[in-house]
Amino acid sequence: GRAAAARIAAAAGLTVAEALRAVRQPRGPSHASQPPPRRTYAWAEPKPAVDPITVEELLRQKAQTEAWRKRAATADARRRGRERADQEAYVAQQRAEQAERDRDWARARAAAAPDEAP
């Protein structure tokens, strides 16, 4: 170990004694003796002071909420209207197809039994 220390000190241009003195002397304020500061937990810190909300702020928030609800209701009504129109178109198509099947059935029945009179 001594030989390695001598080589390292010689590479730095010092003797072993000078290198030991340089290492052992504190160069500035020593923080090694003090433990690192601990981070406190959120529950251990004092709560910040509460900034009371004003009536004006409450009214502004209420107006924002009402405007959002109105926009949402309008969008929902539009969506329901589109769905209702699609459903009505589908029902009308199904009724038309059923009416055509009923007419075909009545024609086929009339052709199969021409001598029966009601």
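Please go through segment 1-10 and give me each residue that is open to solvent by 80 Å² or more (accessible area, probe 1.4 Å) and at pLDDT below 90, ordered by number.
Within segment 1-10, G1, R2, I8 qualify.
Results for (1) in a helix (DSSP H, G or I); (2) within 31 Å of the chain's Cα centre (by Cα), shown as yes or no for each residue.
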position: D51; (1), (2): no, yes
position: L59; (1), (2): yes, yes
position: A63; (1), (2): yes, yes
position: W68; (1), (2): yes, yes
position: A75; (1), (2): yes, yes
position: R80; (1), (2): yes, yes
position: R95; (1), (2): yes, no
position: Q98; (1), (2): yes, no
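Residues to consider are A111, A77, A72; find the one that is of a type in the set (A, V, I, L, M) and either at pLDDT below 95 or open to solvent by 60 Å² or more (accessible area, probe 1.4 Å) (or both). Break it down stepwise before answering.
Working: A77 fails: either at pLDDT below 95 or open to solvent by 60 Å² or more (accessible area, probe 1.4 Å) (or both); A72 fails: either at pLDDT below 95 or open to solvent by 60 Å² or more (accessible area, probe 1.4 Å) (or both).
When all the criteria are applied, what remains is A111.
Kindly establish whether R27 is open to solvent by 90 Å² or more (accessible area, probe 1.4 Å) and either in a helix (DSSP H, G or I) or at pLDDT 95 or above (or both). Write out each step before concluding.
Working: open to solvent by 90 Å² or more (accessible area, probe 1.4 Å): yes; either in a helix (DSSP H, G or I) or at pLDDT 95 or above (or both): no.
It is false that R27 is open to solvent by 90 Å² or more (accessible area, probe 1.4 Å) and either in a helix (DSSP H, G or I) or at pLDDT 95 or above (or both).
The values are calculated or read from the model by the stated rules, or taken from the named source; none is laboratory data. As the structure is a prediction and not an experimental result, all values here were calculated from the model. Quick note on the areas: whole protein, heavy atoms, side chains included, nothing else; ligands and nucleic acids left out. Shrake-Rupley method; radii C 1.70, N 1.55, O 1.52, S 1.80 Å.
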